[in-house]
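Following: one structure in structure tokens, then a few remarks.
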Amino acid sequence: MTEAFNPDRAAAQHAPSVAFVIPHMGRPELLQQTIESILAQSAFAQVEQIVVVTKNTEPLQLTSHAKLTLVYAADANTISAQRNIGVRLTHSDYVAFLDADIQLAPDWLAVCLNLIENNSAIKLVSAQQKAAAKAGRIERLRTALSNTSLDQAVAFLPGRNLLLKRSLHDEIGGFPEHLQTCEDYFYTEKVSQHGQLFYTSRTDYIHLGEDKSLKQTFQKEIWRSEYNLRSVSGRTVPLREWPSILLPFWFFIALLATLCSVLWPALLLPALIMFIAPVAAYSLRLYQQPSHTVSLAYIVVFYSIYFIARTIGTVSGLRFIVLR
């Protein structure tokens, strides 16, 4: 159980320093909003540095600030490499990792620091996602999907907004630079071996670059899942991760059975059951969450597209293992 946030007590304690590290690849207008949300933090006095590591070759036109450092690293092969480069330029007590399209609530830093400073079991804090004011169905659905496990320790966290001690980052060896995607799951699972990953509802963020359509979801999930299998290498895979690893192959078998049903019609019904069963299970689980605001039919369509995309991405990702 975490202690209630007490701003007077927090102010009375030693104020630890924090460095924000942001890897950037495109859409500078979203990066600008991300930086503005850091500058607007109620605990901004504790921010020592804001380090943006960009792959852009053209100079970025951003708000000038004494604490903001831009690093041009066009040769950085992965987001992990960009993050590790940024950390090496910092000397703060804590590191906050943000994606370059995250708008933090003004109390994000104050709340997250209070949680991690006042509970020794918590080693990493992340805030809940909040949908934008005029969010469409897909953004509201993905926001609900992100918030299924609030105010508790979780198994892993996405890298959109993370706060942890700099010393722990160094101890676990930083982000895995051999992974193009899934690096945040690999990283936070390593952190979880030292203590809790806490996902809080006391503050929030808006994902400015969230998927806006089913087409975007399809394209991004193919990319996101290409390194699923490589992310397994070098670590013990807990039981809870096996469904996400094995389901793409389940759907691949269902697809093959559907194609083969042209010659052997008896395969069609088993193939349809193989496809429908996991889609229905995941759809009902999300529909039962109080945070969702979309219809069950739309959730079913979403998961159908989601699993097909992850199947394509995971199967195509086999080449990274075969060609290693």
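Is it fair to say Tyr72 is without any contact (Cβ under 8 Å) to a residue 60 or more places away in the chain and hydroxyl-bearing (Ser, Thr, Tyr)? Explain how you work it out, then say what you get.
Numbers: without any contact (Cβ under 8 Å) to a residue 60 or more places away in the chain: yes; hydroxyl-bearing (Ser, Thr, Tyr): yes.
Yes; evaluated as a whole, the condition is true for this residue.
Restricting to segment 73-89, give me the number of residues that are closer than 18 Å to Tyr185 by Cα and not polar (S, T, N, Q). Result for segment 73-89: 3.
Just one of (1) closer than 21 Å to Pro176 by Cα; (2) modelled with pLDDT of 90 or more fails for Pro278. It is (1).
Residues are listed down the side, and each one gets a yes or a no for (1) of a type in the set (Asp, Glu); (2) modelled with pLDDT under 85; (3) not assigned by TED's automatic domain parsing to the domain that holds Arg137:
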{"site": "Gln180", "(1), (2), (3)": "no, yes, no"}
{"site": "Tyr187", "(1), (2), (3)": "no, no, no"}
{"site": "His194", "(1), (2), (3)": "no, no, no"}
{"site": "Phe198", "(1), (2), (3)": "no, no, no"}
{"site": "Leu229", "(1), (2), (3)": "no, yes, yes"}
{"site": "Val237", "(1), (2), (3)": "no, yes, yes"}
{"site": "Pro243", "(1), (2), (3)": "no, yes, yes"}
{"site": "Phe249", "(1), (2), (3)": "no, no, yes"}
{"site": "Ala254", "(1), (2), (3)": "no, no, yes"}
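If you go through segment 164-186 and keep only what is touching a strand residue (DSSP E or B) at 6+ places or on another chain (Cβ under 9 Å) and touching a residue at least 60 places away in the same chain (Cβ under 8 Å), you end up with Leu164, Lys165, Arg166, His169, Phe175.
Among the conditions (1) more than 30 Å from Ile299 (Cβ to Cβ); (2) without any contact (Cβ under 8 Å) to a residue 24 or more places away in the chain; (3) among the hydrophobic types (A, V, I, L, M, F, W, C), the only one that Ala133 does not satisfy is (1). Look at (1) farther than 18 Å from Tyr298 by Cα; (2) over 15 Å from the mean Cα position of the chain (by Cα) and you find that Ser126 fails only one, number (2). The lone criterion from (1) over 14 Å from the mean Cα position of the chain (by Cα); (2) modelled with pLDDT of 90 or more; (3) of a type in the set (A, V, I, L, M) left unmet by Ile102 is number (1).
The values are calculated or read from the model by the stated rules, or taken from the named source; none is laboratory data. Fair warning: this is a prediction, and the values are worked out from it, not measured in the lab. Because the Cβ atoms are built from the backbone with ideal geometry, glycine has one as well, and the counts that use them run over all protein chains shown.
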